[in-house]
Amino acid sequence: MLDVSGLTYRYGRRIALKDVRFAISGRRITMLLGPNGAGKTTLFSLITR
């Protein structure tokens, strides 16, 4: 299980992600969809640190 709660990330003064919250159960295929520049890669980079 992955549980993210209240994640906020900034590049300098610019907010890239604000108050991100979600939970993903095990043994499921999950997709993250969004337009270019929405923060998908930033989100995955942060949760894999």
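Laboratory data are not the source of any read-out in this text; all were calculated from the coordinates shown. What you see is a predicted model; the values in this text were computed from it and never measured. FYI the Cβ positions are ideal-geometry reconstructions off the backbone, even for glycines, and counts take in every protein chain you see.
General observations
- So Thr42, is it in contact with a strand residue (DSSP E or B) (Cβ under 8 Å, 6 or more places away or on another chain) and part of a loop (DSSP other than H, G, I, E, B): no
- Segment 1-24, residues that are loosely packed, with under 10 Cβ neighbours inside 10 Å and more than 9 Å from the chain's Cα centre (by Cα): Met1, Asp3, Ser5, Gly6, Tyr11, Gly12, Arg13, Arg14, Asp19, Ala23
- Screening segment 25-49 for residues that are of a type in the set (D, E, K, R) and within 20 Å of Arg10 (Cβ to Cβ) and picking the one that is surrounded by the most Cβ atoms within 10 Å (Cβ to Cβ) gives Lys40.
- Scope segment 8-32; condition assigned to a strand (DSSP E or B) and closer than 16 Å to Ile47 by Cβ; matching residues: Thr8, Tyr9, Ala16, Leu17, Lys18, Asp19, Val20, Arg21, Phe22, Ala23, Ile24
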